[in-house]
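Asks: Have a look at this one before I ask anything.
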Amino acid sequence: MTRIITFGGGKGGTGKSLLATNVATYLSKKGYSVLVIDADVESPVTHILLQIDRIKKEEIVGFVPKINEEKCVGCGICINKCPENALIGRKGEKPILLENLCEGCGLCRLVCPVNAIESKRKKLGEIYEGKRNNISLIQGEVFPGVRQHVNVTLGALKYAKKKLAGFDFVVIDSAPGTGANIWLTINISDLVVAVTEPTPLGANDLRKYIELVAKYKKPIIIALNKANIPGGSKEQIYNIASTDNLDVVEIVYDRAIIEAYINAKQIIEVAPDSEAALGIKRLGERILERIAYK
């Protein structure tokens, strides 16, 4: 039975991708087959961290409205209902589409009383695959300037779904935040690793992320990265953890992890006895305890 672990968090820059790829490496060294899904489609970097040569597999296309000017009566309903203000114009005039703002929700098409909005297909992004040793990779990447991140995330997850059964563990590197593309990864997970840092901003965003995960009743482990940074406030993180009775695993910030990151190496491979690597191994052990492969 495949186990799915999502690495996420309410804030960017906490080391989510670094921890996800190192835990994937830890699991692979234990003899498990591992699939990494890079669902951080705006900034996919796992192929670099894992040193995997990726190959383009598919293009992801989505909906963009096309105004049929012969049918349009200029009622303005689509303009008023567009949640992203991607349609502009005055009542009595044909609406103008600001394509770079459109997120492809299709609401305009649903509310148009005269069926004047048609579908135009637009290339949104691409799906890549790769493999190195016992780790496989599926990665989604949105094109620059495209707002439809959710559709690209969904496309990558749908592509990966056909292959999940062939792996012991799936590690998802989610985008930061609590938006729609985030719950897509949480919803299919057996365990969520909430990556944070010992700062007021880290604590604030951790609370929001835990609230989101709780809606889906998924078990959580908190990975407190950079636990030893000067002036850090670990007590805020532990207060949050104690309120929800959550496990916390600390990973320290040391020179070895900086050098590994700069050189796109896995810390548990190049400096396995470093403080940071030992923290990552403890995180891997805790994950196995929570969703042991039976």
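The values are calculated or read from the model by the stated rules, or taken from the named source; none is laboratory data. Every value quoted in this text rests on a predicted model; they were computed, and no experiment measured them. Here the Cβ is made from the backbone with ideal geometry for all residues, glycine too, and neighbour counts use every protein chain on show. Note: areas computed on protein heavy atoms with side chains; ligands, DNA, RNA excluded. Shrake-Rupley method; radii C 1.70, N 1.55, O 1.52, S 1.80 Å.
Asks: Of the conditions (1) at pLDDT below 90; (2) within 11 Å of Y26 (Cβ to Cβ), A277 fails just one. Which one is it?
Replies: (1)
Asks: Does segment 193-203 contain any residue that is more than 12 Å from the chain's Cα centre (by Cα) and surrounded by fewer than 17 Cβ atoms within 10 Å (Cβ to Cβ)?
Replies: Among the residues of segment 193-203, at least one is more than 12 Å from the chain's Cα centre (by Cα) and surrounded by fewer than 17 Cβ atoms within 10 Å (Cβ to Cβ), which makes the answer yes.
Asks: On to the next question. Out of all the residues in segment 16-70, which are more than 20 Å from I4 (Cα to Cα) and polar (S, T, N, Q)?
Replies: S43, Q51, N68, listed by residue number.
Asks: Based on this model, can you work out whether S43 counts as over 18 Å from the mean Cα position of the chain (by Cα) and over 17 Å from Y159 (Cα atoms)?
Replies: no
Asks: Within segment 234-263, count every residue that is open to solvent by less than 20 Å² (accessible area, probe 1.4 Å) and farther than 20 Å from A194 by Cα.
Replies: 1
Asks: Quickly run through segment 223-233 and pick out the residues that are surrounded by 18 or more Cβ atoms within 10 Å (Cβ to Cβ) and either touching a residue at least 40 places away in the same chain (Cβ under 8 Å) or out of contact with any helix residue (DSSP H, G or I) (no Cβ under 7 Å at 6 or more places or on another chain) (or both).
Replies: Of everything in segment 223-233, those that are surrounded by 18 or more Cβ atoms within 10 Å (Cβ to Cβ) and either touching a residue at least 40 places away in the same chain (Cβ under 8 Å) or out of contact with any helix residue (DSSP H, G or I) (no Cβ under 7 Å at 6 or more places or on another chain) (or both) turn out to be A223, N225, K226, A227.
Asks: Given the options K218, K208, name the one that is over 20 Å from R286 (Cβ atoms) and either among the basic types (K, R) or at pLDDT 95 or above (or both).
Replies: K208
Asks: Specify the residue that is most open to solvent (accessible area, probe 1.4 Å); the eligible residues are those in segment 2-19 that are part of a loop (DSSP other than H, G, I, E, B) and more than 18 Å from L157 (Cα to Cα).
Replies: If we take residues in segment 2-19 being part of a loop (DSSP other than H, G, I, E, B) and more than 18 Å from L157 (Cα to Cα), then G13 is most open to solvent (accessible area, probe 1.4 Å).
Asks: Only residues that are in contact (Cβ under 8 Å) with a residue 60 or more places away in the chain and either in contact with a Cys (Cβ under 6 Å, 6 or more places away or on another chain) or open to solvent by less than 20 Å² (accessible area, probe 1.4 Å) (or both): list them for segment 47-64, please.
Replies: L49, L50, I52, I60, G62, listed by residue number.
Results for (1) touching a strand residue (DSSP E or B) at 6+ places or on another chain (Cβ under 8 Å); (2) over 18 Å from S43 (Cα atoms), shown as yes or no for each residue.
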residue: V111; (1), (2): no, yes
residue: A116; (1), (2): yes, yes
residue: V146; (1), (2): yes, no
residue: H149; (1), (2): yes, no
residue: V171; (1), (2): yes, no
residue: T185; (1), (2): yes, no
residue: V192; (1), (2): yes, yes
residue: G202; (1), (2): yes, yes
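Asks: Within the bounds of segment 30-46, is there any residue that is among the small types (G, A, S), under 21 Å from F167 (Cα atoms), open to solvent by 20 Å² or more (accessible area, probe 1.4 Å) and out of contact with any Gly (no Cβ under 8 Å at 6 or more places or on another chain)?
Replies: Yes, segment 30-46 has at least one match.
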